[in-house]
Structure formats: C-alpha cells, structure tokens
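Read through the structure below, which is laid out as structure tokens, and then see the notes.
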Amino acid sequence: MSFFDGLWHLCNFFAPALGVGLIAATLAKLLWRHLLLDVAWRTLAQRACGACAVALLGGLVLSGRDGRMLTYVAMVLACALALWWSGFGPRRAR
C-alpha cells in the first residue's frame, strides 16, 4: 500500500465522524439558537467531531473491525453528549 492509499483509508475512516459532528453541530445551533447564542458553532463542531472520532477509534480497538453498528451507535451517543456538555452542561458559563 502506498502512502496515498493509506492516507485515503485514514480519511475515509474519519469521514463519518466529521459528517455526523458537523451536521449535529449545525442542527443544534439552528434548533436552539437562542439558548446557544454565547457558544460558537466552531466550538460545538470541534467537540462533536472529536467525540465522534474517539468513539470510532474505540470501536475499532474493541471490536477489531471498522464499520460495526455498535460503533456507530456509540458515535452518535458520544456526539450528543459532547454537544450537550458544550451547550448546556454544568460547567457552561451563563
């Protein structure tokens, strides 16, 4: 496998995390725009994408394979938790 093939595989592995994180952050910012005025979209997106990426890596390590349904469920739950914590969590400055 060449360097570019490996890079392409890595990009495709993290693509669901990036897509789910960006879409979820955008929808959260649109649905709760008044409550999330003081939270930047970029912050929401970074934390959601990061949580999704960690869930994907954890699923790969634990199951030994990519693309398990349980991994995607964990990714969605991690994304929701990260968005809640960033926007409505107990440490959020009001």
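So is L62 open to solvent by 40 Å² or more (accessible area, probe 1.4 Å) and either touching a residue at least 60 places away in the same chain (Cβ under 8 Å) or in a loop (DSSP other than H, G, I, E, B) (or both) or not?
Values: open to solvent by 40 Å² or more (accessible area, probe 1.4 Å): yes; either touching a residue at least 60 places away in the same chain (Cβ under 8 Å) or in a loop (DSSP other than H, G, I, E, B) (or both): no.
The answer is no for L62.
Between G67, G6, G19, which is open to solvent by less than 90 Å² (accessible area, probe 1.4 Å) and modelled with pLDDT of 95 or more?
Values: G67 fails: modelled with pLDDT of 95 or more; G6 fails: modelled with pLDDT of 95 or more.
Only one candidate passes the filter, namely G19.
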Task: Residue pairs meeting the criteria (Cβ under 6 Å; at least 6 apart or on separate chains; first closer than 16 Å to D66 by Cβ, in the stretch 1-14; second assigned to a helix (DSSP H, G or I)) - done: F14/A53
Task: Meets criteria (at pLDDT 95 or above, part of a helix (DSSP H, G or I) and open to solvent by less than 30 Å² (accessible area, probe 1.4 Å)) for A74 - done: no
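Please enumerate the residues belonging to the stretch 28-56 that are in a helix (DSSP H, G or I), surrounded by 15 or more Cβ atoms within 10 Å (Cβ to Cβ) and among the aliphatic types (A, V, I, L, M).
Taking the stretch 28-56 and keeping what is in a helix (DSSP H, G or I), we get 28-31, 41-56.
Those left that are additionally surrounded by 15 or more Cβ atoms within 10 Å (Cβ to Cβ): 28-29, 44-56.
Hits for the stretch 28-56 are A28, L44, A45, A48, A51, A53, V54, A55, L56.
The values are calculated or read from the model by the stated rules, or taken from the named source; none is laboratory data. As the structure is a prediction and not an experimental result, all values here were calculated from the model. With ideal geometry, Cβ positions are generated from the backbone for all residues, glycine too; neighbour counts draw on all protein chains shown. Side chains included, ligands, DNA and RNA excluded: accessible areas come from the protein's heavy atoms. Shrake-Rupley method; radii C 1.70, N 1.55, O 1.52, S 1.80 Å.
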